[in-house]
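What follows is a set of notes on a single structure, which appears directly below.
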Amino acid sequence: ETGVTQSPTHLIKTRGQQVTLRCSSQSGHNTVSWYQQALGQGPQFIFQYYREEENGRGNFPPRFSGLQFPNYSSELNVNALELDDSALYLCASSIPTDRANTIYFGEGSWLTVV
Amino acid sequence: EDQVTQSPEALRLQEGESSSLNCSYTVSGLRGLFWYRQDPGKGPEFLFTLYSAGEEKEKERLKATLTKKESFLHITAPKPEDSATYLCAVQALRGYNKLIFGAGTRLAVHP
């Protein structure tokens, strides 16, 4: 049990629609990040939030956006969905330290775009 | 460019047959190297963090080692419940703490 919970677990959307995925971080973890994992691939970093501000972003277009709330919960929003957006979306939380801090993942949200 | 390559892509073992998984990495300053286990349809489960060359960590039948260019995950006398995908990731010194993952090794252990 990592203490990172995500919702919904599965959803199906139509191309062109918008989707919001939600994450509740482990207590005390003030850094949250989102990853996209396509079938048979490793997770790809989308972006990271620290104290409600985005402080790092991977190679994803602006239609991928996010929010972090004061209680360290977070949202991932994807606009204008494309078929290639079908993937497992993972939320991860951590406490930043000088050393490589352990990053804990939730169980993910499976998004299918048809 | 920071990069992680895992081999083999898939590995089939008989129960009790020990083996090793490889993770080769290129990173401009290593903050840490992580191993995760991922069961089908689940999120990655944290196993180990290694910080510097020569470091080793163990957990049950798993042992992770680190050199300046690669890491190995040794599995001793595996059981069917060890079947999963094992992911390796690195975190660079510069910037924020994003993880760069390899594609994983799918391990199947048969009775």
*What does the stretch B:7-111 give for Rg and for Dmax, in Å, if only its C-alpha atoms count?*
13.5, 45
*Inverting the mean 1/r over all pairs of different Cα atoms, compute the Kirkwood radius of the protein assembly as shown and quote it in Å.*
17.9
*Summarise the partner chain shielding of A:33-45 as one whole number: the mean count of Cβ atoms from other chains within 10 Å of each residue's Cβ.*
5
*asked:* Set the bar at 22 Å for Cα to Cα. Now go through B:Lys42/B:Lys68; B:Lys59/B:Lys79; A:Lys13/B:Lys98; B:Lys68/B:Lys98 and name every pair that lies beyond it.
replied: B:Lys42/B:Lys68; A:Lys13/B:Lys98
*Compute the Rg to Rh ratio over chain A from the alpha carbon atoms, using the Kirkwood formula for Rh, and round to two decimal places.*
0.95
*asked:* Which order do the peptides B:6-17, B:61-72 come out in when sorted by mean C-beta neighbours inside 10 angstrom, highest first?
replied: B:61-72, B:6-17
*Find the Rg to Rh ratio for the stretch B:49-111, where Rh is the Kirkwood radius over alpha-carbon pairs and Rg uses the same atoms.*
1.01
*Hull surface divided by four, with the convex hull built on the Cα atoms of the stretch B:23-75: how many nm²?*
4.0
_Test of understanding: express the Cα radius of gyration of the stretch A:1-63 as a ratio to 2.2 N^0.38 Å, with N the residue count._
1.24
*What is chain B's relative contact order, in percent, from Cα pairs under 8 angstrom and six or more apart in sequence?*
37
_Long-range HN-HN contacts of A:Phe47 with modeled amide H, under 5 Å_ = A:Trp34, A:Gly58
*Over chain A, what relative contact order in percent results from Cα pairs under 8 Å that are six or more residues apart?*
37
_Residue of A:Gly42, A:Gly56, A:Gly66 that the Gaussian network model of chain A assigns the largest fluctuation, springs spanning Cα pairs under 10 Å_ = A:Gly42
_Shielding of A:102-112 by partner chains, average beta-carbon count, 10 Å_ = 4
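Every number here is computed from the coordinates shown, using simple stated rules; none is lab data. Since the structure is predicted, the reported quantities are computational estimates derived from the model, not experimental observations. Neighbour counts run over all protein chains shown; Cβ positions are idealised from the backbone, glycine included.
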